[in-house]
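Scroll down for the structure; my scribbles are underneath it.
The values are calculated or read from the model by the stated rules, or taken from the named source; none is laboratory data. Please read these numbers as outputs of a predicted model, since none were measured by experiment. Here the Cβ positions follow ideal geometry from the backbone for every residue, glycine too, while neighbour counts run over all protein chains shown.
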Amino acid sequence: MTDLTGFIDYRGYAAMQHAEAINVFRRFITRVRPQRIVEIGTAQGGFALALRHVLDEAGLSAAVVKSFDIYRCPWFETLTESNLEFITEDVFHPAYSALSKPELIVPFIQEPGVTIVLCDGGYKIGEFNLLARYIKEGDYILAHDYIETESAFHQDFQGKICNWHEVRELDIAESCVEYGLDDYERDEFRNVVWVCKKKRTLLL
Ligand SMILES: C[S@@+](CC[C@H](N)C(=O)[O-])C[C@H]1O[C@@H](n2cnc3c(N)ncnc32)[C@H](O)[C@@H]1O
């Protein structure tokens, strides 16, 4: 027996997450009280819906969830009635050297109030390194399928918790230095195979 998990049925919609992820995000969202969430990689929409419900439970019904994917499921029309926005566009250049449609995402991230950016699309390293440029002081950026090193993946995760490993610390370390990003609740997010970084507030 293992605790391998990577898929949840959330109210009839698939969320490609560790079984404990929603609880971890509930604690996070309740603590940091965001005004908006960007999810890169909607897939079937289950995690976006869970985030919507977590925001509502925390009294944050006015917070906006925008989820981006290059594909669209037919049931997104129904989910839109749950106060979710689905953007079916590729906002990234093919080599992830730049955003191809910054106007769809950058002004939204930069609106006043705390923004959470979730990198869970087709190339999480590229998403993180590009979007880290645009978050504001006090915002958070997270990447899924993160385990700090190859050896930690083999030792603690593979065959036990998660068989996916897409992002290591060295893939995002340069951006963290350049944009002033610090670890946030590292252990809690590690348990559900995410990493969370907060953009430092400069004291003048
Ligand atoms: C791991 S799944 C996302 C899982 C989802 N966040 C969840 O928790 O259920 C990755 C998704 O990224 C999408 N994707 C691939 N390239 C993308 C891009 N350039 N922009 C946005 N999404 C992309 C894929 O279509 C796929 O649905």
Looking at (1) free of Cβ contacts under 8 Å to residues at least 24 places away in the same chain; (2) out of contact with any Ser or Thr (no Cβ under 6 Å at 6 or more places or on another chain); (3) assigned to a loop (DSSP other than H, G, I, E, B), find the lone condition where A19 falls short.
-> (2)
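So that you can scan it fast, the table gives a plain yes or no per residue for (1) more than 17 Å from the chain's Cα centre (by Cα); (2) in contact (Cβ under 8 Å) with a residue 24 or more places away in the chain; (3) farther than 22 Å from G138 by Cβ:
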site	(1), (2), (3)
I37	no, yes, no
L51	no, yes, no
F68	no, yes, yes
W75	yes, yes, yes
S82	yes, yes, yes
H93	yes, no, yes
I105	no, yes, no
I109	no, yes, no
G113	yes, yes, no
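A quick yes/no check of all residues on (1) within 26 Å of V193 (Cβ to Cβ); (2) in contact (Cβ under 8 Å) with a residue 60 or more places away in the chain; (3) within 9 Å of the ligand (Cβ to nearest atom); (4) surrounded by fewer than 18 Cβ atoms within 10 Å (Cβ to Cβ):
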residue: D90; (1), (2), (3), (4): yes, no, yes, yes
residue: K101; (1), (2), (3), (4): no, no, no, yes
residue: G121; (1), (2), (3), (4): yes, yes, yes, no
residue: N129; (1), (2), (3), (4): yes, no, no, no
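Can you tell me which residue is farthest from the ligand (Cβ to nearest atom) among those in segment 46-87 that are more than 20 Å from Q35 (Cβ to Cβ) and of a type in the set (S, T, Y)?
My answer is T78.
Quick check on segment 170-204: of everything there that is in a loop (DSSP other than H, G, I, E, B) and of a type in the set (S, T, Y), which residue is farthest from V117 (Cα to Cα)? I'd like the intermediate steps shown before the answer.
Pass one, segment 170-204, residues in a loop (DSSP other than H, G, I, E, B): 180, 184-185, 191-193, 200-204.
Now narrow it down to the ones that are of a type in the set (S, T, Y): 184, 201.
Values: Y184: 14, T201: 17 Å.
Ranking the candidates gives T201 first.
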Helices (runs of 4 or more DSSP H) contained in segment 22-115 and holding at least 3 residues at pLDDT below 95 | 76-80
Go through V106, V117 for me and flag whichever is under 29 Å from T30 (Cβ atoms) and in contact with a helix residue (DSSP H, G or I) (Cβ under 7 Å, 6 or more places away or on another chain).
-> V117
Would you mind telling me which numbered condition in (1) within 19 Å of V192 (Cβ to Cβ); (2) of a type outside the set (A, V, I, L, M); (3) away from the ligand (no atom under 15 Å from the Cβ) R33 fails?
-> (1)
Taking the residues in segment 134-153 that are loosely packed, with under 13 Cβ neighbours inside 10 Å and more than 12 Å from D171 (Cα to Cα) as candidates, determine which candidate is farthest from the ligand (Cβ to nearest atom).
-> E137
The residue from R27, R33 that alone is surrounded by fewer than 21 Cβ atoms within 10 Å (Cβ to Cβ), in contact (Cβ under 8 Å) with a residue 24 or more places away in the chain, among the charged types (D, E, K, R) and at negative phi is R27
Residue list for segment 179-204, restricted to those being of a type in the set (D, E, K, R) and touching a residue at least 40 places away in the same chain (Cβ under 8 Å) | E185, E188, R190, K197, K198, K199, R200
From (1) within 13 Å of the chain's Cα centre (by Cα); (2) on the phi < 0 side of the Ramachandran plot, pick out the condition that doesn't hold for I161.
-> (1)
